[in-house]
Amino acid sequence: MTKNESNKNEHYEFLKPLMGRTVTIYRKGPESKTGKLVDIQSDYLALALEEEQNISVIYYCLHHVQSVSENVKENSIQQLQTTSREQKQIIAQANDFKGLLTQLVKSHIKVNQGGPESKKGVLLDTTDDYIVLFTEDDGVVFYRINHIKSISLEIKVENRQNLEEETSNEQGAEQNALEVDKIYYVQAQNFRSLFNHLTNSWVSINRGGPEAVEGVLVSGSEDYYTLVNNDEIIRLNPYHIKSISCGPKGLFKTNEVNEEKNKDVVKNVEEKKEEKKEEKKKDQKQSKKPPSM
């Protein structure tokens, strides 16, 4: 363990007595969740939320966590446990948040619990300072790790006795359906290098909120990035860029919608052709009939 890791562990030592207890992470806001604290590592904690048909595990990056609170009365009447059998089987564990992300590659995850940067998708890859997420509407999105507040996994379970088998089957089915190994994306060593690869491309920066922008990424300086959108030139502070994707936001979903519309158009055209053929056949049959006396 390095000196920095040791200091991180000491800094969050006050959370250790809360292990196994029901706590609330954040008092309010989209990231606020209540569940059982099941793991604490050097820079993240794990919160388990258990419902009837699913178990959710949320991994919070600790340097974003503003508060951790507990209901003393509620915890005093509960039988305290470190983790249940079910939670142990689904919790990924690593020494730090980046190591955790590496373990979750090819898993279906949710980045952040709410807010404009919240997205669901398949984690394709991780680097030193960003992750690659495949989403249904924006396609491939690159998220800067130091802006990620939380990562969550949701496992749907019908039979708790076969939890491990159900989890494995579900994740495998999702991976096969998406064929994640065939998805193309730009690969770079770090976030700054990624921007160099995307220069002269139309990009969308940040998923939503007042600082979400789109435009052509052009060469700038090391202190800022530049986007051009019609007559507007936008200079961006690199530190505040949370995510980036190629093309306009929602492009991937729009393409799918257009494909479906095209299929419908082709189908309608084919149906009309068949109808005309049938009408032509009927006309020919009627013309061949001898005139009635």
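The values are calculated or read from the model by the stated rules, or taken from the named source; none is laboratory data. This one's a predicted model, so the numbers in the text were calculated from it and none came from an experiment. All Cβ positions, even for glycine, are placed from backbone atoms using ideal geometry, and neighbour counts span all protein chains on display. Only protein heavy atoms, including side chains, enter the accessible area calculation; ligands, DNA and RNA are left aside. Shrake-Rupley method; radii C 1.70, N 1.55, O 1.52, S 1.80 Å.
A 1.4 Å probe over all protein chains sorts Y239, Y130 by accessible area into Y239, Y130, starting with the largest.
The residues H147, H197, sorted by heavy-atom accessible surface at 1.4 Å with ligands and nucleic acids left out, run H197, H147 from largest to smallest. Taking every protein chain into account, the 1.4 Å probe leaves V72 with about 100 Å² of accessible area, to the nearest ten.
Could you compute the net charge surrounding V228? Neighbours are other residues with a C-beta less than 12 Å from the C-beta of V228; K and R count +1, D and E count -1.
Numbers: positive: R235; negative: E214, D231, E232.
For residues surrounding V228, the net value is -2.
When the solvent-accessible surface of protein heavy atoms is calculated with a 1.4 angstrom probe, in what order do S204, S76, S67 fall, highest first?
Values: S204 0, S76 85, S67 35 Å².
Correct descending sequence by accessible area is S76, S67, S204.
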